[in-house]
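The values are calculated or read from the model by the stated rules, or taken from the named source; none is laboratory data. Note that the structure is predicted; figures quoted are calculated from it, not measured. We place every Cβ from the backbone using ideal geometry, glycine too, and count neighbours over all the protein chains shown.
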Ligand code: AMX
């Protein structure tokens, strides 16, 4: 029988929650100013255009995963098939330039991305430092969640642990409590979603690090240091103190945050939240979607696949050997993980900025060499096979190589890192869903019989 390793230092020992209330960064105050302006803008736009047609739906789309149907409003980011993601109108290279950095650092602080995604504004250095402090002050874990993580069997996949722990944190939901007490009006929903979202974002690194240390280590998790930023605390809690690794995590947590509203994790979070399930339950649903191999779990799959490639072709591989391996993957009915995308039609800019980080920091890392070679080889093969609409690499083709370089070898944990970052995008979206009063989501479905009858009448 598996015996769980219990943290010798309880993971719940952090700053008191009353400190959180006192350490406001000004982010909520800024949102309070912005929200009425956006509400008025949306009201005016809708009064003029509610009946304007923005697209049509084909039978192919109904059977084909609703590709390209414009049926969702997401304020935080927009994905262009050719150019890639823009957070509130800014490309990733622009964010790398404009968002505040840590002292002596070169990569953006994800707290800055959080501010931007929530407000649409690039924050100042002071505002970002204040958000770091506010998140540190909200990071307390309730003891039942810490105990629960400590008792999970190490054979339970880290994403299953992550989803379960997030759902268990729902005891802390201020929205759920106020709603149950009938003490909140619809106009105030966004504020409670904001409080829940900020608390959840603050606690996720503690949850994730506790899962990491209980699954792979001695169960000890370092305490939050209120002087450190969100990523540095996360790295410390996982036991990584290398400065370059912390910089990598700042970049990683910034670029994985948001990818507009239709991807599985964002859409699931939004959908469940539309039933007024609180941010904890909504985000747990989103993370269940991220755990799928065609979505976030692809970063784990990539590392697994690269390990198999290495084993098969060795270090002095030829192009022909790599081509054979890729073709064999396809012929055996598997996808090439890390390649293709439902929306993108060019190399994912999230791949490109990770590649640039690797060019700067990884030197002649063997796995990076292999990944670079595959970048030259895989697209042509996918094009020749003629099935994938997009033969180019996505975000997951690169992330594991960077983590592995710094000794982060536990690939089954990689999707948890993705999940911690994704909170910075989908939870602000959820806050805006409530601010704009979006209703419960309920698209129309049809049976094949009903569809046939419908098209016969056209
Ligand atoms: N390798 C092999 N075949 C691929 C492929 C790949 N990387 N990408 C797409 N295809 C295949 C599809 O499986 C599909 O085959 P089918 O007709 O036999 O079912 C066909 O090409 C058409 O698919 P598509 O329209 O190009 O893609 P999609 O929108 O249906 O799916 C995605 C997109 C990402 C699921 C798909 O490209 C894929 O499976 N990629 C590998 C897994 C991966 O990297 N996922 C991570 C995506 C990013 C993320 O969410 N984190």
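Residue by residue, here is whether (1) under 26 Å from residue 296 (Cβ atoms); (2) within 18 Å of the chain's Cα centre (by Cα); (3) in the same structural domain as residue 255 (by TED's automatic domain parsing) holds:
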residue: 95; (1), (2), (3): yes, yes, yes
residue: 115; (1), (2), (3): yes, yes, yes
residue: 124; (1), (2), (3): no, no, yes
residue: 137; (1), (2), (3): no, no, yes
residue: 140; (1), (2), (3): no, no, yes
residue: 144; (1), (2), (3): no, no, yes
residue: 172; (1), (2), (3): yes, no, yes
residue: 175; (1), (2), (3): yes, no, yes
residue: 180; (1), (2), (3): no, no, yes
Problem set entry | Residues located in the range 344-366, provided they are more than 17 Å from residue 379 (Cβ to Cβ) and either surrounded by fewer than 20 Cβ atoms within 10 Å (Cβ to Cβ) or over 18 Å from the mean Cα position of the chain (by Cα) (or both) | 356, 357, 358, 359, 360, 361, 362, 363, 364, 365, 366
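If the requirement is being touching a residue at least 60 places away in the same chain (Cβ under 8 Å) and assigned to a loop (DSSP other than H, G, I, E, B), which of these qualifies: 387, 346?
346
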Exercise. Which residues, taken from the range 181-193, are exposed (fewer than 14 other Cβ atoms within 10 Å of the Cβ) and assigned to a helix (DSSP H, G or I)?
Worked result: 186, 187, 188
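Would a scan of the range 79-87 turn up a residue that is surrounded by 12 or more Cβ atoms within 10 Å (Cβ to Cβ) and at positive phi?
Within the range 79-87, one or more residues are surrounded by 12 or more Cβ atoms within 10 Å (Cβ to Cβ) and at positive phi.
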Exercise. For the range 194-299, list the helices (runs of 4 or more DSSP H) that sit wholly inside it and hold at least 3 residues that are surrounded by fewer than 23 Cβ atoms within 10 Å (Cβ to Cβ); which are they?
Worked result: 243-255, 264-274, 279-290
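Yes/no per residue for (1) more than 18 Å from the chain's Cα centre (by Cα); (2) in a loop (DSSP other than H, G, I, E, B); (3) within 16 Å of the ligand (Cβ to nearest atom); (4) in contact (Cβ under 8 Å) with a residue 40 or more places away in the chain:
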residue	(1), (2), (3), (4)
316	yes, yes, no, no
320	yes, no, no, no
323	yes, no, yes, yes
330	yes, no, yes, yes
336	yes, yes, yes, yes
372	yes, no, no, no
397	no, no, yes, yes
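Does residue 443 meet the test of being farther than 30 Å from residue 28 by Cβ, surrounded by 15 or more Cβ atoms within 10 Å (Cβ to Cβ) and either in contact with a helix residue (DSSP H, G or I) (Cβ under 7 Å, 6 or more places away or on another chain) or in contact (Cβ under 8 Å) with a residue 12 or more places away in the chain (or both)?
Numbers: farther than 30 Å from residue 28 by Cβ: yes; surrounded by 15 or more Cβ atoms within 10 Å (Cβ to Cβ): no; either in contact with a helix residue (DSSP H, G or I) (Cβ under 7 Å, 6 or more places away or on another chain) or in contact (Cβ under 8 Å) with a residue 12 or more places away in the chain (or both): yes.
Spelling it out, it is not the case that residue 443 is farther than 30 Å from residue 28 by Cβ, surrounded by 15 or more Cβ atoms within 10 Å (Cβ to Cβ) and either in contact with a helix residue (DSSP H, G or I) (Cβ under 7 Å, 6 or more places away or on another chain) or in contact (Cβ under 8 Å) with a residue 12 or more places away in the chain (or both).
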